[in-house]
Every structure is written in C-alpha cells, then in structure tokens.
1. Quick check on my filter: what residues within the range B:549-558 are more than 9 Å from chain A (Cβ to nearest Cβ) and either within 13 Å of B:Thr93 (Cβ to Cβ) or under 16 Å from the mean Cα position of the chain (by Cα) (or both)?
2. What tally of residues in the range B:172-203 results from selecting those that are part of a strand (DSSP E or B) and under 25 Å from B:Glu136 (Cβ atoms)?
3. Could you please find all residues in the range B:230-258 being assigned to a loop (DSSP other than H, G, I, E, B) and touching a strand residue (DSSP E or B) at 6+ places or on another chain (Cβ under 6 Å)?
4. Starting from residues that are touching a Phe, Trp or Tyr at 6+ places or on another chain (Cβ under 9 Å) and either polar (S, T, N, Q) or modelled with pLDDT under 95 (or both), keep the ones in the range B:520-544 and report whichever is farthest from B:Arg94 (Cα to Cα).
5. Among B:Asp453, B:Asp474, which is among the acidic types (Asp, Glu) and within 14 Å of chain A (Cβ to nearest Cβ)?
6. Within the range B:221-257, how many residues turn out to be of a type outside the set (A, V, I, L, M, F, W, C), farther than 18 Å from B:Asn298 by Cα and within 21 Å of the chain's Cα centre (by Cα)?
7. Out of all the residues in the range A:33-59, which are more than 11 Å from the chain's Cα centre (by Cα) and without any contact (Cβ under 8 Å) to a residue 24 or more places away in the chain?
8. Do we have B:Phe378 as modelled with pLDDT of 95 or more, more than 22 Å from the chain's Cα centre (by Cα), away from chain A (no Cβ under 14 Å) and buried (at least 22 other Cβ atoms within 10 Å of the Cβ) here?
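The values are calculated or read from the model by the stated rules, or taken from the named source; none is laboratory data. Treat the numbers as computed from the prediction; the structure is a model and nothing was measured. Quick reminder, even Gly has a Cβ in these numbers, built from the backbone with ideal geometry, and neighbours come from all protein chains shown.
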Amino acid sequence: MSKSLLGIAAVALCLTAAPVLAADKGGGMSDDEVEGLFASTCGFCHQDGGRVAGKGPQLMGTKRSDAFIVNRIKHGKEGYMPAFGQALTDREIKGIVHYIRHLKPD
Amino acid sequence: MHHTRAMAFAAAMAAGALLTGCAQQETAMAPAAAPQAAAAAMMPVPPDGATGADWTSYHGTWRDYDFSSLDQINTGTVKNLQVAWTHDPGRDTRGLQSMPLAEGGVLYYSGSYSRVYALDGATGKVIWSYFPKLDEGLIKRQTHSPYNRGVALGHGRVYVGTMDGRLIALDQKTGKPVWDTKLINSQKLTVGFTGAPIVVKDMVVIGAQGGEWPYRGPIFGVDANTGKKKWTFLTVAPDAKSQATWGHNSWRTGGGGGWMPGTYDAATNTLWWGTANPAPLYDWSGADFMHNGARPGNNLYTTSVIALDPDTGKLKFYHQELPHDGWDFDSAIGEFVMIDQGGKSLIVHPNKSGYIFVYNRGDASLVNVWRITENSNFVQSIDPKTGELIGRRDFTAGHVDPPLCPAIDGGVSWNSGAYDPRTNTWYKVGNEWCMDLKVVKTRPILEPQAQLDIGADFHEVPPPGADKPWGHVDARDPVTGQIKWQVKFKEPPMASLLATAGNLLFVPDAEGMLHAYDSRTGKELWSHSDGVGHDGGIMTYAANGKQYVAVVAGWGGMATDGFPKMFGEPFTSMPRNTGVLTVYTLK
C-alpha cells in the first residue's frame, strides 16, 4: 500500500517536474530501495514505516526542517537514537528525508 | 518467634540451602496455605538449587532457580520491609537492566556503559568503582546500547563485557583491571556485549549480541586467569551441516548470537546456551521457506538451545525451537531451570514466543512443550513430543492479516522467572500483545558498518477482545504447565522475579512498584515504589546476619520504548535514562 502511494506521489511529481524530481529524489534512490532501507534500519523504532508513534516518534507529517532531520540522522540523540552519519551515505540520508516527506497513511 | 527465625536464617547461611526446617516452620505459621502446598513445602531443597547468604551467578546458582533459602523476610515479616539504602550508578542511558550479585556481604553490579560497582551490602558504601574507557563514537552509532545486564564472579575477579566488544576482568577486592581482551570487531560489526558473562571452571563465557545484525553471533570461551581466548562458537553456520541450512549463502549475514548468559550442567560437563533469531527478522519466503525468501532453509543454529563442551566450545547436541524463525522469537532467553523429577534430569527453557520447552538434560530431547500466553497465532501449536511447528504462518512481502501474536516484544521477555523447588512451582511473566505487521524486502547493510536488518514495518496492537495489551504473573508446574494461580497486570512486568523460602514472590512491575506476594496463593502482602519502571534484576543476600533484597529500577529497554503509546501514563511522563539500585531490609 505505502509503496503504491509513494509511487502515485512520485508519478504525480514526475508529470509536473520530472527533471527536478530526478535530482531531489534521494540522489536517485528508487522507492523500493528507500523503503527497504527504512524498514531495515529505521523501522524498529519508527513504526509502521514512520507513520505512527511507537518506540520512536511519528515521522509522517513532521514539522521539522530537512536540516534538522538530516542532522538528527547523522548525529543521533544519546539514549534515544543512534548516529547514522558514518553508516549511511549522504545519498541514502537524502533518500530517507524524501521518504519521510512523502509518507501517507497506509 | 524472631529468635527461631534468626536461628533458621543462620543455619541457612551456614549450610547454603538446607531448607527443610525453615519450610516446615513457615508452613506452621501460615495455616491458610493450601494443604497441597503445605505438603509440598516439606520437600527438601536440592543443595545446589537455592542461594544462601551469597548470590554469585546471574540466577543465583547453576540451577537457574532465582530462589533463595533466606527466610528472615517472610510472609509474616514482610510488612516491616523498608529501604535500607540506594545507589545510582550514573549515566543511566537506557535505564538499569543488570542483575546484582553478592558475595561475602559485598554487592557487585553494573550499569550502562559497563560501569561496575562493589558496594558494602549492609550500608551501600562504595568499596570500589570501575568505569571502562569505551569507544564512545561507536556507542553513539549502536542501536541497542549502552545498557549492561550484569557481571560474573569467580577466581577472585569480577568479569564484565562491553559494547565495544571487550571482556574485562577486575580484581574483586580492588576493582583494578587484571586483563582486558578484545573479542569482536564491534566497530565493523556493530554488535558488542550487553549480556552478563558466566564463569565455568577455569573459563569465562560470554555471548555477543546478534539477531537482527547481519553477522554470525559468536559465543566465546576465555581463560579466566589470562584473558586469552580459548574458543569461539559461531551460532550461525559453524559447520558444513549447518551451512547447508542457509540458502543463497545467507549464513554470511545470518544474525544469531547469544545475548543472555547460559548455564552449566556440572553432572555432564555441558554448557547450555540460548541463541538469537536469524536476520532479517521477518522473511518474505511464504510457505516454502526451505527454498524461498532471504534465507531459505532452517537456519541452524539460530533460535535454538545449544549444548557445548565448555572446554573446547564444540557442539554436543542441540534443539532448534523454531526452525526458520520468521517472527523474531529468539531462544536467547538465558533461563535453563534444572529440575530432577521422576528419575529424569530436566531443563525448562522459555522461548520468546511464549512456548515453554522441557528437555532431557542428557541430550536436549523433548519432554514437553506448553504455552504460557493466551494470545498466539504464529503457529497453531507445537507438537509437545516432536517439537514440530503445526500450522505455522510464513509470510510473503506485504501486510500480514490477522495481526501477529505475540508482538515482537515477545510472549515472554528476557528477564527471568523464579522456581520454588519445595513446591515445584515456576513463577513466570506472560505478555499479551500482538502487532500489525507489514513485511518489507530488505538487503543486509554491511558497509561501512553493519546495520540492523529488520525487514518489516510494524506497531503493537492489543490482543483480540482487549482494548490494551496486558500481562500476567503465573504460578505453574514448569513441566506440565498446569496453572496454580495468576495475577494480572495492566502492563506486562518487564523485570525478573525472585522467590524465597520465606514463601514470598517478589515482582518488580513496569510502573515502578515492587510487590511481594505469598508465593503459595498469589495474595499480595506488601508493595513499595522504586520511583521508575523496573526492567532488570532482583535478588537477595545476607550481610552481617541480615537479609537484604536488591532490585534495580530504570526505564529504557527496547521492549519498553513502546509503553507510552500503548499505555499512556505513567509511561508518558516516565523518565528514560535514569536508574537506581534499591536495597530493602526489615526494620
């Protein structure tokens, strides 16, 4: 379901701004790639793929800025979230931010 | 009366665990006890099954009873139980999850970042402390960190594992390091040591984290005197036979591990250990898991109990509790209750799924399998004679319907139950929760550093017919599963239990209350707040002729992270990353 919605969102953006999307979409990560990355590494705490609060906070609809999210992914928060700055590439982090921004209810 | 009790107490301390007299006296004091329980209470306690003044290993003794012969604190006196002293280890990131130990009136325990303390058991005065210098950059990158679940005592030393992959020996009298051995490349593999080590003969044994991390989950045997590594047992595919149970060479990233301490059967010189789940946690194989999905095959020796020769680390025998575990229901719980019954030598081991496996100690052949939870649907049942999983649910990618029961947090969690050998009663927590699950295809991430491989989106949901998850403490026959009594809890208690010859069962609950029940009836006799949720150990010991009960409180374990969403207050406002050791005694 979420993959479909992400796909629809991506298609909608493609229709209007395909060249921009190619540049902005997590450095070119596919929806499947970024969804798999999120489910592998982030989903244990950010539950339902980040759609609901659980072990970690809900990410869908977050009011945090891209810069805040990137900083939190890279540096973590002691006792709450690991730092992924050395584990994930800038491309992957960009892909996750893109994924979060396009989350829709499942 | 008090004089009699003091004498019984002293005798128990001197003899270690000769309980018959104490039990008879206690039974006489409590005429309300059921006749059956009273008769059973007269049974002698195996001499190595109960602790006395000391509590020197994770479960007290090798029999994993979490049961003490001390009875100064009992059903009659517990009303006078009060706080003797407290201690905060500091830097309580992810709470306080360890099991304290005691020897010669000194209490030893660890906190997060593998901080170790030796405290005067009567006063709490610090005798020594040890804070290892850790790779803090690595710890910031680790998910399940930096809690520590306990130390081991032996050969005049205190042993502790670290999150950055080391095992350290400290002088028991001074706390000075004796040796410090790097065992695993945590900087690359992410996994380290959170579980307590154990001392077996001239060896220290410790298991690494694993499960969802794509490695091969080693268990190490280390020379207790020199720190030299003597053997490594890889819980994932250590031999050709087991390698063949991982299709597509998936054994290279298979997970496994042994993140809680095992136990030692001296009669057969056998080391028992429980292994963790394979990675990814959730597979998309569908029903034909032998040929499809991320890791086709049975995935030996994950989600298994294994029996090793402690001198060589060689596998003697094993039983895989859940072949091709696709539900994250580890066998890593380090509770192996040794019971001699009807001429048989048995071991009772809880699987995270909520199924309880009863084995012959000689070869891990099955005697029985029973279930402690009400809500379970990952299989229809497990054959109690063959162990076959009947009606198993193996998922494909996408949403799972109906929700999976129990939830990822387990039908039982990693903390221990307690066994009263006088009455053949095992006290154990059961958790009732399910989860909405969507299986997602993933690929293991190994570079530049191994990452979790979950393979799913999920969130916990109440079991059918309930508006919230809940938990219960059961008193059961550990071999048959027959229930004697049950106490229900609004939230599953997440800490270990303690039973004593004072006919008491101590239950530290999730909200932070420590309860004492009459262990024969389940009647609550006493409670006291420790200020924050319990998620660790509890034990009892004696110092200067007085009995003490020590319990750790501190919230922040992985399974507890979802409590604010599931239950609201007091968990919404409950501080994480705090912790305190509270020690009780009689007025």
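1. As a first pass, look at the range B:549-558 and keep what is more than 9 Å from chain A (Cβ to nearest Cβ): B:549-555, B:557.
Of everything in the range B:549-558, those that are more than 9 Å from chain A (Cβ to nearest Cβ) and either within 13 Å of B:Thr93 (Cβ to Cβ) or under 16 Å from the mean Cα position of the chain (by Cα) (or both) turn out to be B:Val551, B:Val552, B:Ala553, B:Gly554, B:Trp555, B:Gly557.
2. Within the range B:172-203, residues that are part of a strand (DSSP E or B) and under 25 Å from B:Glu136 (Cβ atoms) number 6.
3. Answer for the range B:230-258, where residues must be assigned to a loop (DSSP other than H, G, I, E, B) and touching a strand residue (DSSP E or B) at 6+ places or on another chain (Cβ under 6 Å): B:Gly254, B:Gly258.
4. Among those that are touching a Phe, Trp or Tyr at 6+ places or on another chain (Cβ under 9 Å) and either polar (S, T, N, Q) or modelled with pLDDT under 95 (or both), it is B:Thr521.
5. Values: B:Asp474 fails: within 14 Å of chain A (Cβ to nearest Cβ).
Exactly one residue qualifies, and that residue is B:Asp453.
6. The total comes to 1.
7. A:Ser40, A:Phe44, A:Gln47, A:Val52, A:Ala53, A:Gly54, A:Lys55, A:Pro57, A:Gln58
8. On the way: modelled with pLDDT of 95 or more: yes; more than 22 Å from the chain's Cα centre (by Cα): yes; away from chain A (no Cβ under 14 Å): yes; buried (at least 22 other Cβ atoms within 10 Å of the Cβ): yes.
Considered against the rule, which asks whether it is modelled with pLDDT of 95 or more, more than 22 Å from the chain's Cα centre (by Cα), away from chain A (no Cβ under 14 Å) and buried (at least 22 other Cβ atoms within 10 Å of the Cβ), B:Phe378 comes out as yes.
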